[in-house]
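Visitor: Input: one structure, supplied below.
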Amino acid sequence: MSSYHNIMEDVVEEQYNAIKDRLDACSCEQCHSDIVALALNNLPPRYISTISGLTFSKVASAKVQFQADVQAALIRAAQIVKQSPRH
Ligand SMILES: [Zn+2]
């Protein structure tokens, strides 16, 4: 079991679910995965050590910090996926 985790993955997934209605893009499984993966490729990874004793609140506040960047990346990714959906 690895002891590190890229919390950017959680933030992108959360924000996708929060704003998917506003993305005006297909939300099938393929498009969902494509949009999230594309957004993640355009965002810096944010790894945390899961054995460092980071509290949940620290993780949560880190997530809030990235929300605007993540939403912008999701919107860009959705536009790209919309132009050539793979579903
Ligand atoms: Zn689709």
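Bear in mind these aren't lab numbers, they're just calculated from the coordinates by the rules spelled out. Computed from a prediction, not measured in an experiment: that's the story for all the values here. Using ideal geometry, Cβ is built from the backbone for each residue, glycine included, and neighbour counts are taken over all protein chains shown.
Visitor: Tell me the net charge near K82. Cut-off is 14 Å between Cβ atoms, K82 excluded, with +1 for each Lys or Arg and -1 for each Asp or Glu.
Guide: +2
Visitor: Summing Lys, Arg as +1 and Asp, Glu as -1, what charge do residues with Cβ under 14 Å from the Cβ of A37 carry, A37 excluded?
Guide: Surrounding charge for A37 is -2.
Visitor: Taking just the C-alpha trace of the chain, give me its Rg and Dmax in Å.
Guide: Answer for the chain, Rg first and Dmax second: 13.8, 43 Å.
Visitor: So what is the 222 nm mean residue ellipticity for the chain from helices alone, if each DSSP H run of at least 4 adds -39500 (n - 2.57) and you divide by all residues, rounding to the nearest 500 deg cm²/dmol?
Guide: Only helices count here, giving -23000 deg cm²/dmol.
Visitor: Please find the FRET efficiency linking N6 to I80, where r is the Cβ-Cβ separation and R0 is fixed at 25 Å, and quote it to the nearest 0.05.
Guide: Calculated value: 0.70.
Visitor: List the residues whose amide H sits under 5 Å from the amide H of L43, counting only those 5 or more places along or on another chain, with H placed 1.01 Å from N in the peptide plane.
Guide: Amide H neighbours of L43, under 5 Å, 5+ apart: none.
Visitor: Could you give the dipole magnitude of the chain about its Cα centre, charging the beta-carbon of Lys and Arg +1 and that of Asp and Glu -1, in debye to the nearest 20?
Guide: Computed about the Cα centre, the dipole is about 160 debye.
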